[in-house]
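Single-structure report; data block below.
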Amino acid sequence: MTLIPELEAQLEDAAARRRRRARRRAVASLATAAGAAVLVSSLLLVGGGDERGRGDRQAAQERGPEGALPVGTVIPKGEGTPPREADSTVVATGTTPFAGAWQLETSRNVGGPTPGRCLWISVLDPPAYEDGTPDPSGGSGFCGELGFRKTPGFTRAQKNVPTLRKVRGRLFLPKEVLVYGRVPERARRVVVTGKGGLRIDVEPHEGPKGMRGDFFVIPVRPRLGQARINWLDADGRPGSRGIALQPPVTSS
Amino acid sequence: METDWRRVSDDELLRRARREPDAFAAFYSRHERLVLGFFLGRVGDAEVAADLAAETFAAALSAIPRFRRRREPPTAWLLGIARNILAMSRRRGRVEARARRRLGMPRLAITDEVVERIEGLEGTALELLGGLPPGAREAVKARVVDERAYPEIARDLRCSEAVVRKRVSRGLKAMRDQMKEPK
């Protein structure tokens, strides 16, 4: 007999509900494939602007980061897609309105010109371009010291979703830019600020035990004009001089 | 015919849990004491340990589609989730209930009887750890109690990572087998 039989029963019920929901999703997917969702997605692309609808966003949050590995998982060297060059540790996972589920990993830098560690973000199910062309790039990353020279312990990089591309002179801008990086452990918030009172304020993700620093991923729209990112301590004070975001976020 | 889950491996239980709710209940039943003992040793309160264990198993149930047998046994995967839940709860100053809310699980009613049963676990895990062969004891303590990384443990124990993983896996299995029946 278990120590908490009520929990055993609850988990069995929850597992049964998940199974029923998975079946319903499978039926819904078939309907989508039959064309029912084509109209809806066209409307979202024409009228939805740079973000998916509120309902989609809420649904994405409820679903959680599908396909992401638990934080702390070590993907051994040579495993995963693409195969990892060194043991890679999952340090944060989450979901954004457009890109969907993402996974942030860090690994030792092997063979590269810069010492230190690498930080890599994977978009687990990268959305296609407006014309339906799949985006082949699901990941982006950089290697180096734990912080930028002028902002110790604090780094920033960007991943465009979908990747920027130019076809016959026409530039396809990303729908969403994932601004990601590392902050010192004393960081309580990470804040993007810009013109017109823009302020996006998030709590950093705590990495696995024993991993130095915390991590953040902030989805922003392209073409925000001048925008910067910084971290705040427990008293709300800026932790560094801040770092400017890069195009296409800052292009107008 | 009803399956005798006792004969089914952890990997197989997690694989079948995607389709058979009974399989996850069996996985819970098999590892309940290990997870409760893990939390009890860290928070020292049976009710909080029960809440944390409930959240851990709910998170594990949600994570089953992402579980891939890599180089860690399912018990280490489960304890990894437990560690994350504990860290997140400490950080927020309250027991996380996100996974349970997502699964629509009601709040767990912890009776005095349940508290008593959980408190009976205190010290069991450490006693069992002491009963392991020296190699497995050091490996399990370093990985599960001290939460150190495999490469670091391998360096200290002067053996390969694969050997450490095997010792942790065997040690946890031995402890779990002994924990099947209350002492």
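Condition first: of a type outside the set (D, E, K, R), under 15 Å from A:Gly207 (Cβ atoms) and free of Cβ contacts under 8 Å to residues at least 60 places away in the same chain. Now tell me which residues in region A:94-110 satisfy that.
Correct list: A:Gln103, A:Ser107.
Taking strands (runs of 3 or more DSSP E) that do not extend beyond region A:132-223, which have at least 1 residues that are of a type in the set (D, E, K, R)?
A:157-161, A:165-167, A:170-172, A:176-183, A:189-194, A:198-202, A:214-220
Looking at (1) over 20 Å from the mean Cα position of the chain (by Cα); (2) part of a strand (DSSP E or B), which is the only condition A:Lys77 fails?
The one condition A:Lys77 does not meet is (2).
Can you name the residue in region A:185-236 that is hydrophobic (A, V, I, L, M, F, W, C) and within 14 Å of another protein chain (Cβ to nearest Cβ) and is also nearest to A:Pro174 (Cα to Cα) among such residues?
A:Phe215
Taking the options B:Gly104, B:Gly93, B:Gly41, name whichever one is in contact with a helix residue (DSSP H, G or I) (Cβ under 9 Å, 6 or more places away or on another chain), more than 9 Å from chain A (Cβ to nearest Cβ) and not charged (D, E, K, R).
Unique residue meeting the criteria: B:Gly41.
Given the structure, is B:Val115 in a helix (DSSP H, G or I), over 17 Å from the mean Cα position of the chain (by Cα) and more than 26 Å from A:Lys209 (Cα to Cα)?
Yes, satisfied.
Does A:Thr155 qualify as being over 26 Å from A:Ala68 (Cα atoms) and hydroxyl-bearing (Ser, Thr, Tyr)?
no
Which of the residues belonging to region B:1-56 are at pLDDT 85 or above and polar (S, T, N, Q)?
Those that are at pLDDT 85 or above and polar (S, T, N, Q): B:Ser9, B:Ser29, B:Thr56.
Taking the criterion of being at pLDDT below 80 and under 22 Å from B:Trp77 (Cβ atoms), would at least one residue in region B:95-102 satisfy it?
yes
Please name all residue pairs, on different chains or six or more residues apart, with Cβ atoms under 6 Å, provided the first residue is in region B:12-24 and is facing chain A (nearest Cβ under 7 Å) and buried (at least 16 other Cβ atoms within 10 Å of the Cβ) and the second residue is among the acidic types (Asp, Glu) and part of a helix (DSSP H, G or I).
Partner pairs satisfying both residue conditions: B:Pro21/A:Glu12.
The values are calculated or read from the model by the stated rules, or taken from the named source; none is laboratory data. Keep in mind that this is a model prediction, so the values were computed, not measured. Every residue, glycine as well, gets a Cβ built from its backbone with ideal geometry; the counts of neighbours run over all protein chains shown.
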